[in-house]
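Structure record follows, encoded as structure tokens.
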Amino acid sequence: MSERDDRDRGWVVEMAVPFAMICEHTAMTCPPEIGATTRINTFRLDRPRKAQTRAYSLAPTGVPDFHAAKNAAVLELGG
């Protein structure tokens, strides 16, 4: 259960996205080859207080738009 007044010491996220979904929404071909690249980003919004929001991302977008793909991190698939 999340407590708004506790102090987090960090967090971990593990996720799996099917290649078919990646290929459907990017220029990557399926099945992807080793060394293929695409851009990704993840975001987390914390609202510890009603009037306060903290935003975290894997790669800062540099603009007020979460969809700024040109600023996203590059993901290279390895073998």
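The values are calculated or read from the model by the stated rules, or taken from the named source; none is laboratory data. As the structure is a computational prediction, the values presented were derived from the model and not from experiment. Heads up, the Cβs are rebuilt from the backbone with ideal geometry, glycines too, and the neighbour counts pull from every protein chain shown.
The single condition among (1) over 22 Å from Val12 (Cβ atoms); (2) without any contact (Cβ under 8 Å) to a residue 40 or more places away in the chain that Ile34 does not satisfy is (2). Applying the criterion of being more than 29 Å from Asp6 (Cβ to Cβ) and surrounded by 10 or more Cβ atoms within 10 Å (Cβ to Cβ) to the residues of the range 34-48, the residue that is farthest from the chain's Cα centre (by Cα) is Ala36. Scanning the range 2-57 for residues that are among the acidic types (Asp, Glu) and at pLDDT 80 or above gives Glu24, Glu33, Asp46.
Note on the range 50-75: residues that are touching a residue at least 12 places away in the same chain (Cβ under 8 Å) and loosely packed, with under 10 Cβ neighbours inside 10 Å amount to 2.
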